[in-house]
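First up is the structure itself, then whatever we jot down about it.
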Amino acid sequence: MKHDPQRETVSLRHQEPRLATELPAAMILDEGEPIEAALVNFSRHGFRLHVKGHYQAGETFRLEVAGWPRLAGRVIWNDKGRIGCLFDEPPGEKVFQAMCASATGYDRAGF
């Protein structure tokens, strides 16, 4: 099997603890209309969505979750309405901590 550094990076990143959620979210492709989704989990570097449709690996979009800053991401894998994604730029530590707090209901005004 050929060595794939991107797959290795994704695999290592997925070992980060992920916060399980069930937050309403939206995907914005090419500044189009929001596509309804559910944020299933996230970490500092990536996240998983449940969303209708088929999205290609490498496809970029903006993730919107109420109370969070807008974050750019890209599809890494797609499997029957579930997509695994990476943030183009991981949020800073303070922003990430506020995202975690808002997802668990501790601090909705963290931004």
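The values are calculated or read from the model by the stated rules, or taken from the named source; none is laboratory data. Since the structure is predicted, the reported quantities are computational estimates derived from the model, not experimental observations. Positions of Cβ are backbone-derived with ideal geometry, glycine not excepted, and every protein chain shown enters the neighbour counts.
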Enumeration of residues in the stretch 56-79 that are modelled with pLDDT under 95 and of a type in the set (S, T, Y): none
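Name every residue in the stretch 41-71 that is of a type in the set (D, E, K, R) and over 12 Å from the mean Cα position of the chain (by Cα), in order of residue number.
K52, E59
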Wholly inside the stretch 19-111, strands (runs of 3 or more DSSP E) that include 2 or more residues that are in contact with an Asp or Glu (Cβ under 9 Å, 6 or more places away or on another chain) are 19-28, 35-42, 46-51, 60-64, 71-79
Could you pull out the residue among F42, F96 that is in contact (Cβ under 8 Å) with a residue 60 or more places away in the chain and either under 22 Å from P17 (Cβ atoms) or in contact with a helix residue (DSSP H, G or I) (Cβ under 8 Å, 6 or more places away or on another chain) (or both)? F42
Which of the residues that make up the stretch 5-34 are modelled with pLDDT under 85, of a type in the set (A, V, I, L, M, F, W, C) and loosely packed, with under 15 Cβ neighbours inside 10 Å? L12
Applying the selection to the stretch 38-90, what residues are touching a Ser or Thr at 6+ places or on another chain (Cβ under 6 Å) and crowded, with 19+ Cβ neighbours inside 10 Å? L39
Please name all residue pairs, on different chains or six or more residues apart, with Cβ atoms under 7 Å, provided the first residue is in the stretch 46-68 and is of a type in the set (S, T, Y) and the second residue is buried (at least 19 other Cβ atoms within 10 Å of the Cβ). Y55/V75; Y55/I83
